[in-house]
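Comments concern the structure below.
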Amino acid sequence: SGGFRVLVGRNNRQNDKLTLKDADYRDLWFHVQKLHGSHVILCTNGGEPGDQDITEAASLAAYYSQAKDSANVPVDCTQVKYVKKPAGARPGMVIYTTYRTVNVTPEEDLVKRLQAGK
């Protein structure tokens, strides 16, 4: 809603490329806690996103995860510079530090609205 671009990886290889190659180190990275799901990047271009931008990106991470049909889903958020791929790890596997957790409930209507750019 704040005009920031949001990118979503839809499989392991897309997650790898998105997080490790395409994203800027200052962008924000989102992933649902302790479950399989998409990597979501909030492209900040060094700007400061608002709470609504963070909540919307976290909602996308929750929606494109195994927690799609759950409520109050914990989603971790950190700057891309704190996301690393361990040596020899499978595609899409990362470790991260210095994060905060946002609890959201995935909403299909919100996802459709964001995809439409409204």
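Computed from the coordinates by the stated procedures, all read-outs in this text should not be read as laboratory data. No experiment lies behind these values; they were computed from the predicted model shown. Every residue, glycine as well, gets a Cβ built from its backbone with ideal geometry; the counts of neighbours run over all protein chains shown.
Data for the structure
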| read-out | value |
| --- | --- |
| Cleavage-rule hits, GluC sites (Glu not before Pro), the stretch 1-110, DSSP coil, Cβ neighbours within 10 Å at most 15 | 107 |
| Interchain or long-range residues, amide H under 5 Å from residue 75's placed H | 33, 102, 103, 104 |
| Of 24, 69, 53, the one that fluctuates the most in a GNM where the chain has Cα springs shorter than 10 Å | 69 |
| For the stretch 88-97, 3J(HN,Hα) per residue [Karplus equation, 6.51 cos²θ - 1.76 cosθ + 1.60, θ = phi - 60°, Hz, x = Gly/Pro] | x, 6, 5, x, x, 8, 9, 10, 8, 9 |
| Per-residue HN-Hα couplings for the stretch 18-32 [Karplus 6.51, -1.76, 1.60; θ = phi - 60°; Hz; x = Gly/Pro] | 4, 6, 9, 10, 7, 6, 7, 4, 8, 5, 9, 10, 10, 7, 5 |
| All-pairs Cα distance distribution in the stretch 46-85, expressed in whole percent, bin size 5 Å | 5, 20, 26, 22, 18, 8, 1 |
| 12 Å Cα-Cα reach of residue 81 towards aspartates and glutamates, excluding residues that sit fewer than 8 places from it in its own chain | 24, 27 |
| Unsatisfied cross-links (Cα-Cα over 20 Å) in the set 34/112; 34/85; 21/68 | 34/112; 21/68 |
| Under Karplus coefficients 6.51, -1.76 and 1.60, residue-wise ³J(HN,Hα) of the stretch 48-64 in Hz, glycine/proline x | 10, x, x, 4, 5, 4, 5, 4, 5, 5, 5, 5, 5, 4, 5, 5, 8 |
| Debye, to nearest 20: dipole size of the chain, +1 on Lys, Arg Cβ, -1 on Asp, Glu Cβ | 520 debye |
| Two-decimal log10 I(q)/I(0) for the stretch 5-115, as the Debye equation yields it once each C-alpha is a single scatterer, q = 0.17, 0.20 Å⁻¹ | -0.71, -1.01 |
| Ascending count of other beta-carbon atoms within 10 Å, so fewest first, for 90, 26 | 90, 26 |
| Relative contact order %, the chain, counting alpha carbon pairs below 8 Å whose residues are six or more apart | 28 percent |
| Dipole of the chain, positive end: most advanced residue of 55, 42, 117 [Cβ charges, Cα centre] | 42 |
